[in-house]
Every structure is written in C-alpha cells, then in structure tokens.
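The values are calculated or read from the model by the stated rules, or taken from the named source; none is laboratory data. No experiment lies behind these values; they were computed from the predicted model shown. Note that we place each Cβ from the backbone using ideal geometry, even for glycine, and neighbour counts take in every protein chain shown. Quick note on the areas: whole protein, heavy atoms, side chains included, nothing else; ligands and nucleic acids left out. Shrake-Rupley method; radii C 1.70, N 1.55, O 1.52, S 1.80 Å.
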Amino acid sequence: MTEAAPGGRVVDELGLCHGYVRVDVASISADCLHGYELKADRDTLSRLPTQAEHYGAVMDRCTLVTGGAHLQEALQVVPPWWGVLRVEVDLFGLRFEQLREARVNPAPDPLATCRLLWRDEALAFLEELGAARGVRGKPRDALYARLVEVAPVDQLRAHVRQVLLKREDWRAS
C-alpha cells in the first residue's frame, strides 16, 4: 500500500468481488472511492470488459490510464462516466493527457459495495445499526444482504469508505 495525502490513502491491487477482480490503483477518501485501471501498450484489453463491469458496481469514479495503442478500442469498452488519461513516453519521460474527466458513477451496486467489507467489519456495522440479530452466526453473504436491507445506500457507501480508510492489515482476509 502507498500513502496518500492526509485524510486519504492509495491502495495498490484493491480486490473487488472477493478478489475476482483487482483495481490496479484505488484512491480512497471520505467522499470518493476512485479506481484507476492501467493498460500499457503491451497489455491486452481482454479483461477490460469484466473489469469495467466490476469497477462500475463499486467505484464512485473510475479512470482508464492507457497508451495510444489501445485508446480507441478501450473507449468503446469503458462507460462514458469513466475518465480517460492517455500516457505517452517522450524524451522527458511520461506525459499525461486527460482526454475525459471521470464523473460520478450513476449506478453503484450496494451489494457489491458490501463485499468490500470483511465479515467482522460487516457484522460490526450491523451491530452499530442495531440489525445484527438473527445473522450473527451466518455467512458473510447473509450479513451483506442484511446490510443492503437496512442501510440507506449513501450511508452504506460512506461507511465502507471509512472502513477502508481505517483498515490496517489489507491482506489479512
């Protein structure tokens, strides 16, 4: 994990959907979970449709960072709310050109958002909400389903961002 500005953090390889997909770089703050997908010219775009789908279920904003080789094809894959940065190498190093600014995700999925929580984190949130009765011994999917039932989406998403900001041992669960 890399450190970010005060009050935020940057996480390399943030797992989504219990590790099925990984965000190359995630910037986490109290009000935004921003995912960056990096596609070098030597990469392929074969996983990009799946990545775009899973990122879109969870992230508040997304940005594709790519070289010129994949730009036109990638623009056909990522949703219009994704930002796009083109990277080129010249004599002075890397040069970034913002082609499209990232906008707010129009349709995040509350259940996918819950899956960012570890089981103990989900249970603690349910306890805080007074809604843990009957699910304390259940598998994490039951806890996530209960959270979706009882927590307003904005509260749920804000809580998950706060948990991610405070989490210490990222690779423990």
For the range 1-150, what proportion of DSSP beta bridges, expressed in % and rounded to the nearest 5, is antiparallel?
70
Express the C-alpha Rg of the chain as a ratio against the empirical globular expectation 2.2 N^0.38 Å, rounded to two decimals.
1.11
Subtracting the Cα-Cα distance from 0.36 nm times the residue separation, let me have the gained length for Arg22 to Leu129 in nm, one decimal.
35.6 nm
In debye to the nearest 20, how big a dipole does the chain give about its Cα centre with +1 on each Lys and Arg Cβ and -1 on each Asp and Glu Cβ?
460
Excluding ligands, DNA and RNA, the carbon-plus-sulfur percentage of the accessible area of the chain with a 1.4 Å probe reads 52
Förster-model FRET efficiency, 25 Å R0, Lys166 and Thr44, C-beta, rounded to 0.05:
0.10
Within the set Ala102, Ala122, Ala132, GNM on the chain using Cα springs under 10 Å gives the largest fluctuation to Ala132
Taking the dipole about the Cα centre of the chain, with the C-beta of Lys and Arg at +1 and of Asp and Glu at -1, give me whichever of Leu16, Ser46, Val104 is farthest to the positive side.
Leu16
Would you mind checking which residues have amide H under 5 Å from Cys32's amide H? H placed 1.01 Å from N; only 5 or more apart, or other chain.
none
Among Ala158, Gln72, Val87, which residue has its Cα positioned farthest towards the positive end of the charge dipole of the chain, with +1 placed on the Cβ of Lys and Arg, -1 on the Cβ of Asp and Glu, and the dipole taken about the Cα centre?
Ala158
Additional length obtainable on full extension of the chain from Gln155 to Arg100, 0.36 nm per residue less Cα span
16.9 nm
Could you list which residues have their amide H under 5 Å from that of Val78, counting only those 5 or more apart in sequence or on another chain, with H placed in the peptide plane?
none
Built amide H within the under 5 Å cut-off of Leu16, gap 5+
Val21, Arg22, Val23
Please list, in order along the range 133-143, the HN-Hα scalar couplings obtained from phi with the Karplus expression 6.51 cos²θ - 1.76 cosθ + 1.60 (θ = phi - 60°), rounded to whole Hz, x for Gly and Pro.
4, x, 10, 3, x, 7, x, 4, 4, 5, 5
Per residue value of the accessible surface for the chain (all protein chains in place, 1.4 Å probe), Å²:
55
Probe 1.4 Å, all protein chains present, accessible-area order of Lys166, Lys138, largest first:
Lys166, Lys138
So which trypsin sites (Lys or Arg not before Pro) in the range 45-150 are both in a DSSP loop and have at most 11 other Cβ atoms within 10 Å of their Cβ?
Arg133, Arg136
